[in-house]
Each structure stands twice: as structure tokens, then as C-alpha cells.
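Okay, structure first, notes after.
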């Protein structure tokens, strides 16, 4: 499933994320998750436009969400705020539903999508 548009509902909860570029898997943390992407807090930065594969599990579940993503922007300040914003470019329908249900349960899914778990 292609995910085309950033949604405004996002959670600031810290999630452990594993991601891989062409060479290796890296463990990082997301501090900003939405149905369209997330922010990876990491010192292992890729270039804007690079593709990566990531997996993470949402709190209170053992199921992993897997996605192909693209780096949209990079923040390099030389401190704890370094990281990159990534957009999901390929996400299975059931993984999209898991993220949307999680955000909906937190009450932060955008109003037009609340209660609706279809893709954007």
C-alpha cells in the first residue's frame, strides 16, 4: 500500500525502531509517529531521498509493523536532537490499520479519519 500524505495526528511516545539501509540494521528510537511516517532519533543519518526498511512494535502488542520508508529531511545539530524524518512509502494494509488504531485509541488520529481505518 502506498502512503501519500502526512497525517497531522502524531504521538510523542518513545518507540524502539530497527531500520536498515543497504548495509546493516540499526536500532534507534522514534519520538514522533503518525500514519504517514515518523522521526528517527539517531546519529546514524542517511541522505534525503534514501530508502530504508524499518520495523517496530507498538506498545501493548507483540506484532511488528514493517515498512519501506524514504528519508524526507535530516536534522544534524550535533546533539541529542539529531535524527531524520521518514515517510512511509510502502506499508501493508494491516500495518497501516495497526498504526491508525493505535493513534485512534490515543485520541490523536486526525478528525476526518477518527474511527475509519482505511488508508489515506
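The values are calculated or read from the model by the stated rules, or taken from the named source; none is laboratory data. Predicted model, so just to flag it, every value in this text is computed and none were measured. Cβ atoms come from the backbone with ideal geometry, glycine included; neighbour counts cover every protein chain shown.
A few points about this structure:
- Count - residues of the range 9-22 that are more than 15 Å from residue 68 (Cα to Cα) and without any contact (Cβ under 8 Å) to a residue 40 or more places away in the chain: 2
- For the range 70-100, a residue qualifies if it is over 18 Å from residue 51 (Cα atoms) and either surrounded by 14 or more Cβ atoms within 10 Å (Cβ to Cβ) or touching a residue at least 40 places away in the same chain (Cβ under 8 Å) (or both), and the qualifying residues are 81, 82, 93, 95, 96, 97, 98, 99, 100.
- Of the strands (runs of 3 or more DSSP E) contained entirely in the range 9-120, those carrying at least 3 residues that are at pLDDT below 90 fall at 25-34.
- Residues (over 13 Å from the mean Cα position of the chain (by Cα) and free of Cβ contacts under 8 Å to residues at least 24 places away in the same chain) located in the range 27-69: 27, 44, 49, 60, 62
- For the range 51-69, residues that are in contact with a strand residue (DSSP E or B) (Cβ under 9 Å, 6 or more places away or on another chain) and over 12 Å from residue 19 (Cα atoms) total 5.
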